[in-house]
Amino acid sequence: MSLGDYAHRMIRENFQDMVKCEKGVLADKSPEPLHQMRVSSRRLYTALSVFEGAIAMPKAASPKRVRSLTKSLGKLRDLDVQLEALKEEYLPHLDDGEQKHLLGAIARLEQQRQKAKVGVEDLFSQSRYKNLKLSYEAWIADPRLTPLGAMPMDVVLPDLLSPLLSQSLLHPGWLIAADRLTSNDAEVLHDLRKVCKFARYQSDFFTTFYGKEFKDWVKGLKTLQDSLGGLQDIQILHRLLKKNNVLDADTPQLQEAIQQKQRSLLASWEEQRQQYLDTDFRYQLHRMLLTPVGESAPS
């Protein structure tokens, strides 16, 4: 299988996964279609970045436009995540007085969510989004590839993945210990989360070309991403609650619950970061990428 053929398959699959979520997002009966559409748009953006040397995309289908779509979906999705946490993780465990404070904040967040939902509905109706879809459909039907696209997959795989691994391993976030986390460090860890997410999505594209060791590493990236994502969600939650005057002397139970969750996530982060600081583990990852062992992806 050539690099161009595989790029075409990954772009087609992720684009189709993305657009099939539209009706569910507009119906707004469940947060899952929005979540899946956002994930698919991120995966599509990752595919465009990974295979950029092998493909020639029209301007209307550029990575920049896909990323803009992801950000728009993200505003609504972030509110869904925070509302779910407040309603299911925190609210049931508070006394009546603190519940009253929190219910007021939830009502205000629901109003913000409604505005964000209208923004997504407007986005779907705009010609820019419609042109993006038409451009992808045309390219998928008749893909334009570069000469690099003719290269065999088994030849270029290590070259695609090794730079990403190096970028991930050299990130300064690995040097931030859980017991010395500062507000500035939180931003660095948020950036590391994005790097790990990109690495996971990219690696997901190629699990069929590698063995169990590679698949286990990709699963570990998901666990790492979840830990860092949880820490970022807490930072966002803090900002939202402070803006709504909830985190004060009248809500000690809520504050303790949030701090307890943060301590648990930090403990998980410390365990994971120690693994990535281990010399043997890092060498093992590099050796793994140099030796694809799986069969070619099925058609």
Notebook entry, point to check: How large is ³J(HN,Hα) for each residue in the stretch 180-189, as worked out from phi by the Karplus curve 6.51 cos²θ - 1.76 cosθ + 1.60 (θ = phi - 60°), to whole Hz, x for Gly and Pro?
Noted result: 10, 6, 10, 4, 5, 5, 4, 5, 5, 5
Next item on the list: Any chance you could list P(r) for the stretch 152-299, counting all Cα-Cα pairs in 10 angstrom bins from zero, rounded to whole %?
Entry: 10, 36, 27, 16, 8, 3, 0
Check: Taking neighbour counts of Cβ atoms within 10 Å as a proxy for exposure, in what order, fewest first, do V81, V293, V25 appear?
Finding: V293, V81, V25
Next item on the list: Using amide H atoms built 1.01 Å from N in the peptide plane, name the residues 5+ places from L247, or on other chains, whose amide H lies under 5 Å from its own.
Entry: K242
Check: Exactly which trypsin sites (Lys or Arg not before Pro) in the stretch 245-284 are in a DSSP loop and have at most 16 other Cβ atoms within 10 Å?
Finding: none
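Of the chymotrypsin sites (Phe, Trp or Tyr not before Pro) in the stretch 88-183, which ones lie in a loop per DSSP and count no more than 14 other C-beta atoms within 10 Å?
Details: sites: Y90, F124, Y129, Y136, W139, W174; in loops: none.
Listed in order of number, the matching sites amount to none.
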Notebook entry, point to check: If you line up the long axis of helix 32-50 against the longest principal axis of the chain, both from Cα atoms, how many degrees apart are they, to the nearest 10?
Noted result: 40
Next item on the list: Assuming 1.567 mPa s and 4 °C, estimate D for the stretch 12-168 with Stokes-Einstein, Rh taken as the Kirkwood radius over Cα pairs, in µm²/s.
Entry: 72
Checklist line | Three-way shape call for the stretch 88-169 based on the alpha-carbon gyration tensor, with the a/c threshold at 1.5 | finding: oblate
Check: Karplus couplings for the stretch 164-179 from phi (6.51 cos²θ - 1.76 cosθ + 1.60, θ = phi - 60°), rounded to Hz, Gly and Pro as x?
Finding: 5, 5, 4, 4, 5, 6, 8, 5, x, x, 5, 8, 8, 6, 4, 8
Checklist line | Spatial extent of the chain: Rg and Dmax, with the Cα atoms as the point set, Å | finding: 21.4, 67
Notebook entry, point to check: By how many degrees, 0 to 90 and rounded to 10, does the Cα axis of helix 127-141 deviate from the longest principal axis of the chain?
Noted result: 30
Notebook entry, point to check: Rounded to the nearest 500 deg cm²/dmol, what is the calculated helix-only ellipticity per residue at 222 nm for the chain, with -39500 (n - 2.57) per DSSP H run of length n ≥ 4?
Noted result: -25000 deg cm²/dmol
Check: What nm distance separates the two modelled labels at F281 and K71, each placed 7 Å from Cα along Cα→Cβ?
Finding: 3.4
Item checked: Cross-link pairs beyond the 31 Å C-alpha cut-off, checked among K215/K243; K219/K242; K87/K197 -> K215/K243; K219/K242
Checklist line | Cleavage-rule hits (trypsin sites (Lys or Arg not before Pro)) in the stretch 1-66: DSSP loop, at most 14 neighbouring Cβ within 10 angstrom | finding: K20, K29
Margin query: Need the list of lysines near K133 for cross-linking: C-alpha distance under 19 angstrom, and skip anything on the same chain fewer than eight residues off.
Written below: K20, K23, K59, K64, K71
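Read-outs: derived from the displayed coordinates by stated rules, not from any lab. Everything numeric in this text was worked out from a predicted model, so none of it was measured. Ideal geometry is used to build each Cβ from the backbone, glycine not excepted, and the neighbour counts take in all protein chains shown.
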